[in-house]
Each structure stands twice: as C-alpha cells, then as structure tokens.
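Structure first, then comments.
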Amino acid sequence: MAFDFDLFVIGAGSGGVRAARFAAGFGARVAVAESRYLGGTCVNVGCVPKKLLVYGAHFSEDFEQARGFGWNAGEPAFDWPTLIANKNREIERLNGIYRNLLVNSGVTLLEGHARIQDPHTVEVNGKTYSAAHILVATGGWPQVPDIPGKEHAITSNEAFFLEALPRRVLVVGGGYIAVEFASIFNGMGAQTVQAYRGPLFLRGFDQGVREHLRDELEKKGVDLRFNAEVARIDKRADGTLAATLKDGSVIETDCVFYATGRRPMLDNLGLENTAVRLKDDGFIQVDDEYRTAEPSILAIGDVIGRVPLTPVALAEGMAVARRLFRPEEYRKVDYQLIPTAVFSLPNIGTVGMTTEEARAAGHRIKLFESRFRPMKLTLTESQEKTLMKLIVDADTDRVLGVHMVGPDAGEIIQGIAVALKAGATKQVFDETIGIHPTAAEEFVTLRTPVAQ
C-alpha cells in the first residue's frame, strides 16, 4: 500500500520535532501535526520560560549581595509585566526557530488537532492522511486534584501569563516544579507558602539533598508546610482565596498554584480506534523500542511516563528516527546515569544513585560530603551554604552518584556526568587537578569519608 507519509508525528514538542527532522534527513516523507504551540511544553510553558523566571528571581539576591562588593545601586524595583513581556518575545522567537527547523528539513507542518482514525490514518482539520508509521509525542498536561474550589487554582500553564505578581502565593506540591516556583515567587517578593502532603519534598532525590534544600529555602523566607494537604479552596468577596487544609487550618492567599503531577495528553486523540494499550497510570504502554501494541504506532516523551525530561525525549526521538530509517546507526537510549537539575534557588544538580538507592542495591558505600559558604558570599550577609556529595562503591572505588545543591549546580554536574558515564573511580577524581578558586574544585578535593 502506498502511504502519503512514511512517518506522521503528532506533537511538535522536543521529542516529536527531533524525530521528524532526523527522519526527514534520512530521506523519509514526514508530517508533523501540532494544535497548540511549536516547541511543546519545554519551550512554551516549561523549561525555557521557567529558567528565565528563575534568573529574574535571583536578581533580588544579586542586588543585595552587590553591596558587599562596594556597589550601591539604590533601592531596586521589580516590574512583573516587563519580565513577562520580554519572556513572551523570546518564546515567540523560539517558536519561529522550531518552525524553520521543521520546514527547512523538508517536513510537512500541519497546524491543527490530529485524531487517529485507524492504525495508518490521521485526520487534521477535516482532511485525512495515511502513514506507514504514526508517532505519538503529545506530552503531558498539569492536573489539579478534584477538590472543592479547584477552579480557583492555577498551574504552570497559567503562571507564565499572570498579569501581575500576586502579593501572596500558596504553592501546592513537592516535586521539582513546586520547589522551583516557590523559589521564583519568593525571590520576586511574594509571601510564599509551600504545602506538601508528605514529610519532605523531592521524593526520590538523595535524602541529604532534600534536607539541605529545605534548610536553605527556610533561610530565604519560604514558609514550608509538610504533612499538609489542601481540602478545599474558597474565593472571598474581596477576591482573595482561603485554602483550608485537612487539619482544619486555613491559609489566606491571593494565588493558589498547583504542581501535583501531570497526566498524558491523550484528549480526543483517537487511540480507541487502535490496539494501543495504556498502563495503569494512564500513560501509553510501549516496548523498549517505543512500539505500542499497535505495530504501526509508536510513542515517546512525557506521554509514555518513563523519564519526563526534555533531553530524554530528544534521545528517544532520535532513536525512533534511526531505527526506522537509518537502522545501521541505531542504538538504544541508555536510561542509566541521566543527569538532571532542579532550578530552585539554590539549584540542585544530580547524576547517578542516591545514598538510599546505592544501599538498597546492595553496595557497600563510602560517602564524601562538603558543606561550605561559597566564596562569592563571603563579603555579604548571606548565610547560604553549598552541599557537594560523592557516593562511592567501597569495593570497586567507582563513583555511583554525585549530588550538589548550590549556584550553577546544573552546569557543574553536566560535566561530571560525562565522567560517571565513562566509569570514573574516586581515584580518578582524586588525581584530577582542580580549578582554583571555584566551587567545582571541591569535587576533586574530597579526601575523607564522612561517618555513616
């Protein structure tokens, strides 16, 4: 059977665009359908605008710390609409870049909602297209628990477009998005409360990292409420909000921001017209080569609920394009030693095992740890401390995990991830000469294990 396209991609986010571009570069006939915005969550309501807001939030500390170095710039003033307008302009520029990347690669771009009609047919804007392979890369969508007053809450989708900075904000959730936005709102001057139903946020991260960030956020004035779950949200006559917790206490606020999880974006996608199966959590079930139960349909990125990170989606998109159209270059995505960062203030950077994971896996470990006040802060009143941690297999000397909480943690951990991927031992770290004076050199000067 002759198809209109060799590959039809639904979703022009990071993973979908990568798969489409490279498949087209390999000679395939490719189409991409997108109903919202080019670049997906990351470019529009995720990583990119979030990082811009994090930069903006950090300036409040920069202005204060500058006095210790002899600068007196007067009383700083912050204007939220200016930041949002400049952010919007940058996102529009990136949207254009994504458009050019697709079109210049020879990809047919269809702007409209795609619905799967059968295993080889997709309908967009009333027109049907046939394809040998259909790739679902529709990403995720934030969700708010079904509580009374949920309509008064916002998510990250809306936070990037608020007309004004709220005076008081309640951030609900304990994942990386929640701690990042708590840092953003707090850094920009809002009275910020973060409520999480568990005993400590960032479940799955190293316990030492979690505790260190908790202490640093409290120093910066974030009001952390653990073992606290919102039961209802009420809007008062004056427009303010009252969030009632399950213990009966009430948090008065002007904005309730929810970051309590994301669901796969499968709305009106037409999967019921195929043999595609979903996992118990609602994400699409795929094998290790991203094939669904329907042989012609594949899925990658956040919609499969595996590792919801942009670089992972990019790697998965590349793997799909290579396996289908350049099999001699195909290699599976390695999900081990994926580095990641949390752009809270201070930042978190991490790669490899946590202390808890290493012990659970049966490793006999040595821990090397340092907590110190960064050199930049020594002339200031700031008492922020950086945490650096190495987890080492005591029997093989291999470094199992590296964790950091402090300025530019993501930038530092990216380079260290290469070393771990290459199998670096603690001896390799010890024999590496540091760059002085930097915070990063601490990772190659840790000599004495800490007591466990």
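The figures follow:
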item: Restricting segment 247-347 to GluC sites (Glu not before Pro) in coil, as DSSP defines it, with at most 16 other Cβ within 10 Å; result: GLU289
item: Nearest 10 degrees, 0 to 90: helix 310-325 Cα axis against the chain principal axis; result: 30
item: Antiparallel bridge percentage (DSSP; both residues within the chain; nearest 5); result: 60
item: When the convex hull of its Cα atoms is projected in every direction, mean area for segment 339-444 (nm²); result: 6.6
item: Cα-based Rg of the chain normalised by 2.2 N^0.38 Å, two decimals; result: 1.06
item: Chymotrypsin sites (Phe, Trp or Tyr not before Pro) within segment 291-373, DSSP loop, no more than 15 other Cβ atoms inside 10 Å; result: TYR330, TYR335
item: Volume of the Cα convex hull of segment 143-260, divided per residue and given in Å³; result: 100
item: C-alpha long axis of helix 80-104 to longest principal axis of the chain, angle in °; result: 40
item: Within segment 296-394, trypsin sites (Lys or Arg not before Pro) in DSSP loop having at most 14 other beta-carbon neighbours inside 10 Å; result: ARG331, LYS332, ARG364
item: Partnerless Cys - the chain, beta-carbon criterion under 4.7 Å; result: CYS255
item: Accessible area per residue in Å² at 1.4 Å probe, computed on the chain; result: 46
item: Rounded percent of accessible protein surface that carbon and sulfur make up, segment 284-357, 1.4 Å probe; result: 52
item: Segment 143-260, accessible surface, carbon-and-sulfur percent (1.4 angstrom probe); result: 46
item: Distance violations [Cα-Cα > 19 Å] among LYS389/LYS421; LYS50/LYS389; LYS51/LYS150; LYS50/LYS376; LYS332/LYS389; result: LYS50/LYS389; LYS51/LYS150; LYS50/LYS376; LYS332/LYS389
item: Nearest-ten-degree value, helix 47-66 long axis tilted from longest Cα axis of the chain; result: 20
item: Gyration tensor (alpha-carbon) shape descriptor, segment 250-360, a/c threshold 1.5; result: oblate
item: Length-normalised contact order of the chain in % [C-alpha pairs under 8 Å, at least 6 apart]; result: 16
item: Accessible area of segment 359-452 belonging to carbon and sulfur atoms, whole % at 1.4 Å probe; result: 54
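The values are calculated or read from the model by the stated rules, or taken from the named source; none is laboratory data. Owing to the predicted nature of the structure, the values given are computational and were not obtained by experimental measurement. Counting neighbours? That spans all protein chains shown, and the Cβs are built from the backbone with ideal geometry, glycine included. Surface accessibility is based on the protein's heavy atoms, side chains included, excluding ligands, DNA and RNA. Shrake-Rupley method; radii C 1.70, N 1.55, O 1.52, S 1.80 Å.
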